[in-house]
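Q: Dropping a structure here in structure tokens format, bear with me for questions.
Bear in mind that the values in this text are calculations on the coordinates, not laboratory data. Quick caveat, the model's predicted, so the values are computed rather than measured. Cβ atoms come from the backbone with ideal geometry, glycine included; neighbour counts cover every protein chain shown.
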Amino acid sequence: MAERARPIRRLALVWALGVALGLAILLQGASAMGFWRPDPAIQTERAAGLLLWAQTPVDAEPAVALARQALQRAPLLTRAADVIAGAYFLDGKTGQAAALYSAAAAANHRDAAASTWLFQRALSAGRYDEAFTLADATLRRDADAARPLMGSLYTTAAAEPAALQALAKRLALSPPWRPLFFDDLFAGRGSPAIIYPLFDAMRASGSPPTTHEVQGYVTLLTRAGRYEQAYIAWLLSLGPAGVQRLRYIYDGGFEEAPTIDPFGWTLGGGAGGGAAIEDAPGGGHGLLVSWDGYAASTFARQQLLLPPGRYRFAGRMLAPDNAAVGGLKWTLTCLPSAKVLDMTVTGTGGDWRKFSQSFEVPAGCETQRLTLASAGGERRTTLAIWFDDLAVEPGGAEGGRVQP
């Protein structure tokens, strides 16, 4: 029985050896044809990871070997060329690194690594126009991926007037990354100190800051309590004609274009009504407050910068006789909480009447907020109240009144 099994075992062994030999030949052929080799892109990422940790040219040799293998199979893989260029730079071969990075950037306009390196090199050499042109190209391709470039833009522009001018010229072209650049600045990621001179340089380049950009800057300053600087930035946005028409209150006649918060009118309301600028009875425009006489709401507000002293708040209003229901009031408050004017709106019998009330701004009251709001009432009623020709005038007398 055992003697009969031996030929079967020999046959099985020969078959197994033949299968193994055939599989080895097949694998060798597949390897020669490129099957089962690492993907060049994967090899390149491994090479980039090795280069990241390399401290010396010797440390970088495995990364270079992998990158060269990847390039042999994918000659247009510029990311692999970037790895070799980075190794050249680590070895002090700056010229060779620059040549390879330049070739990679020319071959692939989406090669952010090459463009970033060339940008940093131009920046270090003081070639700001070249540097910001490279940065522009990189940021246009993928602003989020190239976001680290933003930090270099901020810090260099803050330190070098020539760099500031080059950056302003680039921003004047309204590149798609311009909103992201200013959003970063206003979020505090860059140096706010560059914003004011940058705005000036942008105006000189023929592309002044947009309303949104000035709004971001003014908001940044007001949040930091730098009210005078915020006010000056706002004044510049008005232009010479707008500044000439300006009084203590902006657009007290409700005839101007809307302007930047908080120095222009901010209108609002709630479930109980709202405020809007409309065609007023008798001509022109006025502030119309629609209110149910019951709900607490803030209808209008504007921030002022009044020096210490006595003033008179005056204007015209048209209101039904029950307009005082619910405590609709104009208030002026020294921020954050010291109230200096508290004037309840009263009825005028449906006719336009003048009103005025004096108040005093004490020393230390750096900025004030003028507000029209209701504290809420006891019953609902329908009220339509108009305001026009609002003004703050210096030297007011005691008391307040509504005139016929």
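Q: Show me, for the range 315-320, the HN-Hα J-couplings you get by feeding each phi into the Karplus relation (A = 6.51, B = -1.76, C = 1.60, θ = phi - 60°), rounded to Hz, glycine and proline as x.
A: x, 10, 8, 10, 8, x
Q: Let me ask another. Around residue 390, which amide H atoms from residues at least 5 apart in sequence, or from another chain, sit under 5 Å from its own amide H, with H modelled in the peptide plane?
A: 253, 316
Q: Run the numbers on the range 246-397 and let me know its relative contact order in percent, using alpha-carbon pairs under 8 Å that are six or more apart.
A: Averaging sequence separation for qualifying contacts and normalising by length gives 33 percent for the range 246-397.
Q: Here is a further query. If Lys and Arg each add +1 and Asp and Glu each add -1, what is the summed charge of the other residues whose beta carbon sits under 10 Å from the beta carbon of residue 286?
A: Summing Lys/Arg as +1 and Asp/Glu as -1 gives -4.
Q: Using a Cα-Cα cut-off of under 20 Å, which aspartates and glutamates could be cross-linked to residue 93, ignoring same-chain neighbours fewer than 8 residues away?
A: 59, 61, 82
Q: Straight-line reach from residue 339: which aspartates and glutamates fall under 16 Å, measuring Cα to Cα and dropping same-chain residues less than 8 apart?
A: Excluding near neighbours in sequence, the set is 360, 366.
Q: I would also like to ask the following. Straight-line reach only, C-alpha to C-alpha below 20 angstrom: list the aspartates and glutamates that residue 169 could link to, leaving out same-chain residues fewer than 8 apart.
A: Within the straight-line cut-off, residue 169 pairs with 129, 130, 136, 160, 183, 184, 200, 213.
Q: Let me ask another. Between residue 144 and residue 124, what FRET efficiency follows from the Cβ-Cβ distance if R0 is 25 Å, with the result rounded to 0.05?
A: Result of the calculation: an efficiency of 0.50.
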